[in-house]
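Nothing in this text is a laboratory measurement; each read-out follows from the coordinates by a stated rule. Quick caveat, the model's predicted, so the values are computed rather than measured. No Cβ is skipped: glycine too gets one built from the backbone with ideal geometry, and neighbour counts run over all protein chains shown.
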């Protein structure tokens, strides 16, 4: 049988008793006295007052294999289905959840990489439509020029001034790189056709 501890309304058992913890860890439990804690009545666990109307929540059907953190024994009873993983980004997300704990930087770096791959794919798909993304208006560059962008920052002791020099690189960098790659591909194609 599957261990449902942590998913039911019952208080899970402590791995060690308070006496064992007090003996092993100097100073453990100094805040245990309810008289020392103003929030004590709220922390009083009573089985009949949890507010849950179920013993274990009804499980949502899994229509495709979902990502599940290695820390969890099984998929949570309720999960999002709006963005099913697909393509290279989906493969990166599945790898992140299958191989690495959420406590590892590799897990989060793979998720960030998957997000960037997804964003890049969205930009490429946008270029193939009749209404492609407009980086000038959609990134706020036009607003900087028409709505006093520099004067609203200078002399106001704002924190975002510190990274202001990097903003054009971060915002325009992917578009400049894509344009450079497109020009390079066009030159290579033109050179191949001349031969």
*Given the options 160, 118, 133, which has the most mean-square fluctuation in a GNM of the chain, springs set between C-alpha atoms less than 10 angstrom apart?*
160
*Which of 72, 123, 107 moves the most in a Gaussian network model of the chain with Cα springs under 10 Å?*
72
*Is it possible to state the helix-based mean residue ellipticity at 222 nm for the chain, with each DSSP H run of 4+ residues giving -39500 (n - 2.57), the sum divided by total residues, to the nearest 500 deg cm²/dmol? What is it?*
-13500 deg cm²/dmol
*Reported label for calculated percent of Cα pairs over 27 Å apart given [x] 64; [y] 50; [z] 27*: [x]
_Using the Cα atoms of the stretch 95-195, I'd like the radius of gyration and the largest Cα-Cα distance, Dmax, both in angstrom._
19.2, 60
*Hey, how many Å between the Cα centroid of the stretch 90-125 and the Cα centroid of the stretch 64-83?*
15
*Find the relative contact order for the chain and round it to a whole percent, using C-alpha pairs within less than 8 Å whose residues are 6+ positions apart.*
11
*Name all residues of the stretch 165-195 having a backbone nitrogen under 16 Å from the label point set 7 Å from the Cα of residue 136 along its Cα→Cβ direction, giving them as ranges.*
172, 175-176
